[in-house]
Amino acid sequence: MTFSANLNIMMKAARKAGRSLVKDFREVENLQVSMKGAGDFVSRADVAAENILKEELMGARPTYGFLGEEGTSIAGEDPTRRWIVDPLDGTTNFLHGLPHWAISIALEHKGQIVSGVIYDPAKDEMFMAEKGEGAWMNDMRIRASGRTRMIESIYATGLPFGGRADLPETLKDLSQLLPVCAGVRRWGSAALDMAYVAAGRYDGFWERRLNAWDIAAGIVIVREAGGLIQPLNPEGDIVSDGEVICANEALFDKFSKIIRRA
Ligand code: 2AM
Ligand code: CA
Ligand code: CA
Ligand code: CA
């Protein structure tokens with residue numbers, strides 16, 4: 001397989017930020033932690049990883065824009081291209097010593113996500129895709145699952161933390177979905193949830209109240225793996241709404257009818 005120069009830049013940046021995060025993860029008890037909002041933690045590790053990503057990505061492509069969760073926002077000379085970055089998706093897991101977190105890097109071109117990388121350094125799994133080029137995990141092509149029966153399928157979501165207002169809706173989703181499927185998982189990294197749908201590990205995923213950096217890379221990875229991904233509100237926009245639903249092609253209709261109560 002040969003990847004574009006941009007995807008190689010993204011993978012190199014993800015590996016470099018990954019080394020920094022793994023080092024901090026080994027001594028996580030010494031990290032300074034602060035809260036950005038109720039239940040929304042940030043540590044020195046998040047900020048260090050964002051700085052590495054900014055240096056690598058902006059160093060290689062100085063004219064592109066940049067949007068990062070930890071405050072980096074750069075309007076590029078080239079208004080059509082922008083990096084959208086979550087330096088550490090799953091901070092709560094990270095801070096609890098749970099090895100389930102990732103770096104998410106997307107490249108947006110004219111409002112569309114054209115390349116995505118989601119890297120899980122603890123498991124050394126790099127999920128990546130480019131528009132029209134398929135989706136990969138390390139050196140293997142990945143595809144959304146082939147399951148066709150709801151009762152055999154499993155779904156991932158995020159449970160609203162820290163008093164998020166979408167709790168009643170999510171509980172309703174669960175009460176309607178759980179009786180008709182094989183299970184729902186909640187691991188705390190939206191980026192990895194989407195990567196796992198692309199890899200056929202989960203059959204679908206949905207979540208409300210996310211941000212552009214949680215979802216951007218996952219969009220192209222799920223699509224290139226043959227999965228269907230849409231804004232939860234069919235008239236909306238995934239990246240700006242931050243509300244997403246995805247699944248394999250065979251199950252998308254049934255699953256989305258339950259979640260959208262259509
Ligand atoms: P973050 O770790 O980058 O902040 C899952 O529900 C998503 O919500 C994650 O992608 C996570 O991204 C974000 N999130 C923020 N605070 C959280 C918390 N206290 N618990 C779980 N997820 C949280
Ligand atoms: Ca956060
Ligand atoms: Ca995130
Ligand atoms: Ca983050």
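Since every read-out is calculated from the coordinates, none of them should be taken as a lab result. Owing to the predicted nature of the structure, the values given are computational and were not obtained by experimental measurement. With ideal geometry, Cβ positions are generated from the backbone for all residues, glycine too; neighbour counts draw on all protein chains shown.
I'd like the residue in region 159-211 that is among the acidic types (Asp, Glu) and within 16 Å of ligand 4 (Cβ to nearest atom) and, out of all such residues, is surrounded by the most Cβ atoms within 10 Å (Cβ to Cβ).
So, considering only residues that are among the acidic types (Asp, Glu) and within 16 Å of ligand 4 (Cβ to nearest atom), the one surrounded by the most Cβ atoms within 10 Å (Cβ to Cβ) is ASP193.
Working only within region 212-242, note down all residues that are farther than 12 Å from ALA144 by Cα, within 16 Å of ligand 1 (Cβ to nearest atom) and in contact with a helix residue (DSSP H, G or I) (Cβ under 9 Å, 6 or more places away or on another chain).
ALA212, TRP213, ASP214, ILE215, ALA216, ALA217, GLY218, ILE219, LEU232, ILE238, VAL239, GLY242
Can you name the residue in region 45-55 that is buried (at least 20 other Cβ atoms within 10 Å of the Cβ) and among the acidic types (Asp, Glu) and, of all such residues, is nearest to ligand 4 (Cβ to nearest atom)?
Filtering first and then ranking leaves ASP46.
Considering ALA75, ALA102, which residue is more than 9 Å from ligand 4 (Cβ to nearest atom) and crowded, with 20+ Cβ neighbours inside 10 Å?
Among ALA75, ALA102, only ALA102 is more than 9 Å from ligand 4 (Cβ to nearest atom) and crowded, with 20+ Cβ neighbours inside 10 Å.
Which ones in region 152-184 are of a type outside the set (A, V, I, L, M) and not in a loop (DSSP other than H, G, I, E, B)?
GLU152, TYR155, THR157, PRO168, GLU169, THR170, LYS172, ASP173, SER175, GLN176, PRO179, GLY183
Out of the residues in region 27-44 that are more than 11 Å from ligand 1 (Cβ to nearest atom) and surrounded by 13 or more Cβ atoms within 10 Å (Cβ to Cβ), which is farthest from ALA122 (Cα to Cα)?
VAL33
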